[in-house]
Each structure stands twice: as structure tokens, then as C-alpha cells.
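Read the structure below first, then the notes.
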Amino acid sequence: MDMNEIKEIFFQECEEQLAELESGLLKLNDGDRDPETVNAVFRAVHSIKGGAGAFGLEDLVAFAHVFETTLDCVRSNRLEPSQDVLKVMLKSADVLADLTNAARDGGFVDESRSRALVKELEALANGETPAPSVDAPKVVAKAPEPVQAAPPTDDSGFQPVPFSFDSFGDEEAEGEGEQVFDITFRPRRELFSKGNEAALLLRDLSRIGEMSINCDIDGLPALDAMDPEDSYFGWSISLKTKKAEEDVRSVFEFAEWDCELTVKAAEAAAPAADLPMVPVPFDLSALDEVSGPAASADVSAAQTESDASKMAAAAARVEKKETAAAAAAAAQTATTAAAAAGQTIRVDLDRVDRLINLVGELVINQAMLSQSVIENDNNGTSSINMGLEELQQLTREIQDSVMAIRAQPVKPVFQRMSRIVREVADMVGKSIRLVTEGENTEVDKTVIDKIAEPLTHMIRNAVDHGIETPEKREAAGKDPEGTIKLTAKHRSGRILIELVDDGAGINRERVKQKAIDNELIAPDANLSDEEIDNLIFAPGFSTADTISDISGRGVGMDVVKRSIQALGGRISISSRPGHGSTFTMSLPLTLAVLDGMVVTVAGQTLVVPLTAIVETLQPEATAIHSFGANQRLISIRDSFCPLVDVGRILNFRSVQANPVEGVALLVESEGGGQRALMVDAIQGQRQVVIKSLEANYTHVPGIAAATILGDGRVALILDVDAVVSASRGQSLKPEMSLAATG
């Protein structure tokens, strides 16, 4: 594996760390004060900094270091994570993501913004109230704790940093499963140049167990012979902990290449006198006083104060500690830790795509083989037929397993929306909170990649024109802080994504008047509330009085609808004036395969998605009723449902067919209710591989995609929603006008 591959793995891990960072900060912003949440946020930034240092990404290391220092103040309870503090940290997380993307792909990073945030972070770390940045509110921090005054400098300009050696771990901690590790740690000069600090590593080590430590200063030269960029100290450490060896090594995860490190379990029977060291109490809590921005220089400045006389005096105050660790306990702990950790591998997406394509071809060939056997085996009881049934089952299981590989949670997309809400809300001077649910709902990766853009349009419009200003909300008796709720859930083999805001809702009078002014509808058009709401999807429609960077309520919404339809999905709106709006997107779980009902219409073979079908029935003459000039209804269990001739809608025939001679498919569409689609005959249920018509031919109104059947014929996959909409008087043309509905 070459360096470029290793670097790519680092950036992939950065994506995970950035997601963990934002998720943790949002939890803190919602009032979560669990120490583990704070630790997870700190570890994410620390991991990014350590990896960036290994690749010499100086800008990323510098910003991450300041960010990490401020987070460490929160971790040590010296800085209260108030709402104002977390606003700065959320913006810092955005800049950290920008710097990571710039390091990976190139691009521009707003240096003025990053410098302003660095100043705010440094001020927070120092317990000060920083001046607000250009796009950030004023931050109020916790009052600073008293800090010991720094000793005066000598003639050479050397200024020692306060470093407490008060007793650490004087009390013995007894517990089952504990073991003792002998650790030697000697940094090289490269460790400090990559943004790591030896003293902070030792402090992190002290937090996982009881530690006694001896500092080796034999390599320390005279003051005039020192190289300020070199490393002269080493440490011998005895650590008593319940953690496994891999947990101990993880402390040095990003520094292991730049130091001499050995970690080994101490001999269980070895008395303390046999240890080749004099344990010295070592209080690392004082590092919280010096780990601010001023401490970003080499940690050797902090270590220099520990001269031989002070080390000897400190050593004289302590007692020797006995080691007690069982080898069996160490082995059991390591085995348990290994079993608890899940094993994963990284696979190039192109390989998965090729596998999915091959599985699709396998499904088609299996269907063709089954069709051939059925045509040549009238009794259907041959061993070949039975074997084909098993092959069909195995093919289905293989396909489901392969599709599960591509399935990913929508969490990354939802987390990306948090940043958009923050940025747009700041631009328009609003206070808005994003609430997400169902983040772990899984969907095919191709769907995830393509929903980000339409979802971004919807979020921006909800923030800009859906939510009122704090003043208007207070006047209406609402909370000044608006709420946008983003949810995802599975339903009937599809994924539903809902975007709900508690804003003012759609002003239908204004929308209708704007549509009349733009000649989208006739002045005397009689439209339902739903039809008026859907006007905002008309191309170029907007109720905004002025054009801005954010746009009006309708700008970009036609793009949203086209994007959703291109995915084989649909979008609907419901709105209550004064209470908010709900946008519902219904999308297929995968763009590769679907279960469908193969039907015949006017000599053409069509596939109707099985998820849209409620039931099938054979109409009787007594159940058919005429309505209006050319509309018909079918009676189903004491209720009436519109009857739709699919062949007439798609122009397969010029006159309506006799419903008694066909089959009715009761379907349910988003926003359109139930309809009975009339077809000539049902051939059977099939699992089909979806082939894009737009990619291979062109868009066909009323048709979602195509597939290849078992006999080699091409069949068209019906767009149920488009057919239902056409039955209600709307055109099948992509750029439809609602003028006809009047």
C-alpha cells in the first residue's frame, strides 16, 4: 500500500470523525452533559490533528490544535459549554470540515473566518470573553480560574512553565481484572513538529489507570547546548489498569511512529523491588493550566523545570509500590475486547457496483431459464423445475445480501443539513433549531448521494421563508426559536423523508395571485388547497419580492421535484397557515431492482411496482358506475373509487376499454388517494432489474423506467403517480400547466 492509499484512508476516517464531532456537539447543544459525549468530541478532533500531522497538513493541524485545546477546557470542567460557546464550536467544526476537504481535494477556505474563530477559541481557552467574529455572535465564557503566576525569566531568556509534581495516585486501587503494564516512552523530535505533546499523552495515559512514572533526564545537555526543537526526555511508567493492552497503545495511536515505545504486561510474580525504576508521584492535572494556546510550543519547555534536584526531592517523598497483575486476567481482558470489537473492511464502491450489475444479470438470466423450462415442461414436476425454484430462492438471497452492502443510513446527509440551517439562519438573523429522527434508516447509497441537493433546496427555503423572524413569532405567541424537523422512516418498501417546519405556512392567496400574474393558471381557476400548494413546484415560480442569495419560497422547488421524480420518487405538500408546512418525499429504497406485477395493456407489457398495489379484483358489471361525461367509478366494499384506463391515459388506445373484460389494480399514491387502474390481464409477479430510460433513451411521460423480462422482451415500468395525476386532469407532460384545471 503506497502513501496515497494510506492518505485516502485517513481522509475517509476524517469523514467519520467529523460526523462524530458534529453529532456530539449537537447533543451538547441540546443539553447533554454526559462526560463520554465530551470525550468523544475531543477524541474526534484529536484524531484528525494527529493524522494530519503525520501527513504534514500544517493548516489543519494548527486549527485542530486550538480547537482541541478549547475542547479540553470543557472536558476538564474549566469552561461551561453554554449555548454561545457551542455556537463557536459548531462553526469551528464547519471550518475544520472545510480545511479537511481543502487538504483532500483542494479548494478555497475563508482564511479570515478561520482566523477569527481561532481568536475566539483561544479567548475561550484562556477564560476570556472574545470579541465576536464577523459572522458569529458575542461569546460569553465562564469566569477564569486563578492561574499561578509564571516564574521570572533568567538572563538567557529562559522562562520555566509551572508544572505540578504533587502526589498522584497515593491510594492503592483494588479491583478484579486489573493488570500492570511496564511502559517506556521516549519521544523523537518529529513528535513535537507534528502537533503532539508528550505531557498531554502522559496525562491521557493517567486517566485509564493508576500510574507511577520515572522521568529519564540522563540525555539532557547543558543549557547552552540545547536544541529547542529536539527531544531529550524519556519516561518509564508502571500503569495499573483494567484496560487491555490495545487500549493502552491507543493513547499513543498517532505518535507511535515518532517515538520509542514499548508496552508489556508486568510479570505477575515479580516483586516491586525488581522493577528497574523508582516510582515518582506525577500530578498531570496541572497540565490543564498550561494546555492553552500558549502551550502549543514544544513541551520541553514544561519539562525543563524538572531538573535533577527537583526529581530527587520528589522521589524521596514517595513509597515504592508493589505490582499485582495476573497473566490470565490480562489474556481474558484482551480476548473480551477483541470479541467485542466488530470487524469491518473498506471496499471500493466501483467493485460493489460491478457486483450489483452482475447480480442483476443473474436475476435476468435466471428468469429467462425459468421461462424456457416452463414453456417446455407442461406438467411442471420435473427435477429441473424443482432445481430452478431453489435457484430462484438462492438468487433472491444473493441479491438481498448484495443490496444490503450498499445500504447506508441517511445520517450523513441529515448531519450536513445542520450546517446549512446554522449558516442560513445566521444570514437572515433567525434562531432555528433542527431536530432529526430516524437517522439510522438505511437506504441504497445511490439514493443517498442524490437526495442531498433537493433536500438542501428545501431546507434553505424553510429557513428563509418558512420560519418567521423572532419578532413575528413572539407577536404570534410562538417560541422565538423556530423548529425544523427532519425525519426518515421505512413504509411499504419505500423510504419517506419528511421536512416539517413550525413557521407561517403557505400563503395560498398570495401563491394563487402570483400564479395568475405569471399566467400559470386562469383567473377564474377553481383550485383545491393541495393544488394551490403544488403551484410552488412550477418552473420559475416564486413569491419573493426581491432576488437574494437564499431565494424565495419557490425558487429551486421545480428542481427539487424533477430531482425526486428522476429517482422514481414523489413529493407532496401539506400546509396549515400560521402553523407550518410539511414536505413529504417518498423514494425507492434502491434504484437497482423492484418487485412488480407484470400486466398487459392494449397488447403492451407493463410492470406495476408491487409496493403501490393494495389489491387486485375482477370488476363486475353491477359495480361499474358512470360519472360525468367520460368518468367511471367502481364500487368496492360500499365505497366508490375512480376507475382509470391505463391504456387510454398512455394513448395505447383511442377509446376506453370495457372494465368487465379486464382486471382492476387498486393502487394508492402519495397525495392522490386510491385509484383502480384497469389493465387487460395479469401475467404474474416478478422481481425485475431496473434500467433507466433517460440514460438509455429519453424521458417518457407516465413511465418510470424499463426492464428486461425472462423471455428477453423489454417491458416498461409504470409511473403510478403520474398516471393517477393524469386521471385527475393533469397533463403527463413534464412541464405541465395547471390552467386546464379551471
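The values are calculated or read from the model by the stated rules, or taken from the named source; none is laboratory data. Bear in mind the structure is a predicted one, so any value in this text is a computation, not a measurement. Positions of Cβ are backbone-derived with ideal geometry, glycine not excepted, and every protein chain shown enters the neighbour counts.
The table that follows gives values for the structure above.
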| read-out | value |
| --- | --- |
| Meets criteria (assigned to a loop (DSSP other than H, G, I, E, B) and modelled with pLDDT of 70 or more) for ILE183 | no |
| Members of region 21-68 that are among the polar types (S, T, N, Q) and free of Cβ contacts under 8 Å to residues at least 60 places away in the same chain | THR37, ASN39 |
| Filter result for SER654 (outside any strand (DSSP E or B) and over 46 Å from the mean Cα position of the chain (by Cα)) | yes |
| Matching residues in region 657-679 - criterion: being loosely packed, with under 14 Cβ neighbours inside 10 Å and of a type outside the set (A, V, I, L, M) | ASN658, GLU661, GLY673 |
| Subset of region 627-656 [in contact with a strand residue (DSSP E or B) (Cβ under 7 Å, 6 or more places away or on another chain), modelled with pLDDT of 85 or more and within 21 Å of ALA602 (Cβ to Cβ)] | ARG632, ILE634, PRO642, LEU643, VAL644, ASP645, VAL646, GLY647, PHE652 |
| Flag if ARG713 is at pLDDT 80 or above and not assigned by TED's automatic domain parsing to the domain that holds ASP400 | yes |
| Residue match in region 77-92 (condition: surrounded by 23 or more Cβ atoms within 10 Å (Cβ to Cβ), small (Gly, Ala, Ser), modelled with pLDDT of 90 or more and outside any loop (DSSP other than H, G, I, E, B)) | yes |
| Residue count, region 405-457 (criterion: part of a helix (DSSP H, G or I) and of a type outside the set (Lys, Arg)) | 26 |
| Test set (1) closer than 15 Å to TRP235 by Cβ; (2) in contact with a helix residue (DSSP H, G or I) (Cβ under 7 Å, 6 or more places away or on another chain); (3) not aromatic (Phe, Trp, Tyr) - GLU190 fails condition number | (1) |
| Every residue from region 585-638 that is touching a His at 6+ places or on another chain (Cβ under 9 Å) and either of a type outside the set (A, V, I, L, M, F, W, C) or without any contact (Cβ under 8 Å) to a residue 24 or more places away in the chain (or both) | ARG632, LEU633, SER635 |
| Residue check, ARG460 part of a strand (DSSP E or B) and under 30 Å from ASP84 (Cβ atoms) | no |
| Residue check, ALA705 assigned to a helix (DSSP H, G or I), under 25 Å from VAL363 (Cα atoms) and either free of Cβ contacts under 8 Å to residues at least 24 places away in the same chain or within 37 Å of the chain's Cα centre (by Cα) (or both) | no |
| Any pair with Cβ under 7 angstrom, 6 or more apart, that starts in region 662-678 at a residue that is at positive phi and ends at one that is at pLDDT below 85 | GLY671/GLU530; GLY671/SER572 |
| Enumeration of residues in region 222-239 that are out of contact with any Cys (no Cβ under 9 Å at 6 or more places or on another chain) and closer than 21 Å to THR184 by Cα | ASP230, TYR232, ILE237, SER238, LEU239 |
| Cβ-Cβ under 6 Å pairs, at least 6 apart or on other chains, region 427-445 side closer than 27 Å to LYS87 by Cβ and in contact (Cβ under 8 Å) with a residue 24 or more places away in the chain, far side in a helix (DSSP H, G or I) and small (Gly, Ala, Ser) | ILE432/ALA425; LEU434/SER418 |
| Test for ASP204: is it assigned to a loop (DSSP other than H, G, I, E, B) and acidic (Asp, Glu) | no |
| Verdict on ILE624 being crowded, with 16+ Cβ neighbours inside 10 Å, more than 34 Å from the chain's Cα centre (by Cα) and at pLDDT 85 or above | yes |
| Tally of residues being touching a strand residue (DSSP E or B) at 6+ places or on another chain (Cβ under 9 Å) and free of Cβ contacts under 8 Å to residues at least 12 places away in the same chain across region 472-490 | 1 |
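The rows are residues; the columns are (1) hydrophobic (A, V, I, L, M, F, W, C); (2) under 25 Å from ARG494 (Cα atoms); (3) touching a helix residue (DSSP H, G or I) at 6+ places or on another chain (Cβ under 8 Å).
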residue: GLY647; (1), (2), (3): no, no, no
residue: ASN651; (1), (2), (3): no, no, no
residue: ALA664; (1), (2), (3): yes, yes, no
residue: GLU668; (1), (2), (3): no, yes, yes
residue: GLN687; (1), (2), (3): no, yes, yes
residue: LYS691; (1), (2), (3): no, yes, no
residue: VAL700; (1), (2), (3): yes, yes, yes
residue: ALA705; (1), (2), (3): yes, yes, yes
residue: ASP711; (1), (2), (3): no, no, yes
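Yes/no per residue for (1) surrounded by fewer than 17 Cβ atoms within 10 Å (Cβ to Cβ); (2) of a type outside the set (D, E, K, R); (3) at pLDDT 90 or above:
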| site | (1), (2), (3) |
| --- | --- |
| PRO523 | yes, yes, no |
| LEU527 | no, yes, no |
| ASP545 | yes, no, no |
| LYS561 | no, no, no |
| MET585 | no, yes, no |
| THR590 | no, yes, no |
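The rows are residues; the columns are (1) under 37 Å from the mean Cα position of the chain (by Cα); (2) buried (at least 22 other Cβ atoms within 10 Å of the Cβ).
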| residue | (1), (2) |
| --- | --- |
| THR184 | no, no |
| SER193 | yes, no |
| ASP204 | yes, no |
| MET211 | no, yes |
| ASN214 | no, no |
